[in-house]
Amino acid sequence: MTQKTKLRSSFAEAVADIPDGSTIAFGGFAMPGTPFNLIKALMDQGAKRLTLVANTTGGAQQPRMPDIGMLVENGQVAKVICAFTAATRPTDKLPFTPYYESGEVEAELVPQGTLAERMRAAGAGIPAFYTPTAVGTELAEGRETRVINGREYLLEYALPLDYAFIRARTADTAGNLRFHRSQRNFGPVMATAARVTIAEIDEPIIAAGGIDPDDVHTAGIYVHRLVQVPPAPDGLWPTKRQERKR
């Protein structure tokens, strides 16, 4: 029996079957971890009524590169679940804001650590957990709390995903990933929480077993599709390392 490959020849191929109504998480904690190429491919693919999960709604970075704010502007988004739904600086104007204020797109604000833990819980098969984060704030109003050992905790539910779009520095053909710096902030938990994980890879993909097991940050069992980021000038978004090699 021929083993099914995880390699995809293009970003368009990697996202071609994503249906309307999907819940998709996007890695990224500043530039190194953002899957710019997969986001652009999803914009071109056109799936609608999406629920997007990410650290921010995007749009503050200049010059602007593909982000989930562009998916909102493209009319593809029904809801965002983010740690930062508003700008972190009053001088920033986010493209998401007018869509939220007009009621076109729903927003769910989740504390950053809670967001990560909700996805980690989904990957671990834990349906819910209690956390002290957000107790006594507007985010806890009308929600279940419980006093444990004299301290009040808020009930949070796991956040399973249909898809995760992540970016890694290194991958082998089995899907084992090694992240670079902030790529690792959300990439591992998103990969475990998703039914299908799609990773764009900075460096040339190597043969299975080419990454030292001690250096594997996410095991290939959690990764389903791999796309190599091609060098410029293909209209994509290569890494700074690739740009230096040109």
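In the stretch 139-173, the qualifying residues are those that are of a type in the set (Ser, Thr, Tyr) and free of Cβ contacts under 8 Å to residues at least 40 places away in the same chain, and the one that is nearest to GLU117 (Cα to Cα) is TYR157.
Within the stretch 36-52, count every residue that is crowded, with 19+ Cβ neighbours inside 10 Å and closer than 23 Å to PRO230 by Cβ. The total comes to 7. In the stretch 73-104, what residues are among the aliphatic types (A, V, I, L, M) and over 25 Å from GLU117 (Cα atoms)? Answer for the stretch 73-104, where residues must be among the aliphatic types (A, V, I, L, M) and over 25 Å from GLU117 (Cα atoms): just LEU94.
Candidates LEU155, LEU159: the one that is buried (at least 20 other Cβ atoms within 10 Å of the Cβ) and of a type in the set (A, V, I, L, M) is LEU159. Scanning the stretch 217-231 for residues that are surrounded by fewer than 14 Cβ atoms within 10 Å (Cβ to Cβ) and either polar (S, T, N, Q) or modelled with pLDDT under 95 (or both) yields one hit, PRO231.
Is at least one residue of the stretch 100-112 assigned to a strand (DSSP E or B), of a type in the set (D, E, K, R) and within 21 Å of PHE29 (Cβ to Cβ)? Within the stretch 100-112, one or more residues are assigned to a strand (DSSP E or B), of a type in the set (D, E, K, R) and within 21 Å of PHE29 (Cβ to Cβ). Of the residues GLY75, GLY28, GLY59, GLY21, the single one that is of a type in the set (Gly, Ala, Ser), assigned to a loop (DSSP other than H, G, I, E, B), touching a residue at least 24 places away in the same chain (Cβ under 8 Å) and within 25 Å of ASN176 (Cα to Cα) is GLY28.
Residues that are modelled with pLDDT of 95 or more and aromatic (Phe, Trp, Tyr) were ranked within the stretch 7-41; the one that is nearest to the chain's Cα centre (by Cα) is PHE26. Scanning the stretch 78-87 for residues that are over 19 Å from LYS48 (Cβ atoms) and either in contact (Cβ under 8 Å) with a residue 40 or more places away in the chain or polar (S, T, N, Q) (or both) returns a single hit, THR85.
Within this structure, GLY33 passes the test of being buried (at least 19 other Cβ atoms within 10 Å of the Cβ), more than 13 Å from LEU71 (Cβ to Cβ) and not acidic (Asp, Glu). Counting the residues of the stretch 119-144 that are outside any helix (DSSP H, G or I) and surrounded by 15 or more Cβ atoms within 10 Å (Cβ to Cβ) gives 6. Residue check: LEU115 meets all listed conditions (1) in contact with a Ser or Thr (Cβ under 9 Å, 6 or more places away or on another chain); (2) of a type outside the set (Lys, Arg); (3) in contact (Cβ under 8 Å) with a residue 40 or more places away in the chain but one, namely (1).
The values are calculated or read from the model by the stated rules, or taken from the named source; none is laboratory data. Please read all numbers here as calculations on a predicted model, not as lab measurements. As a convention, Cβ positions derive from the backbone with ideal geometry for all residues, glycine included, and neighbour counts pool all protein chains shown.
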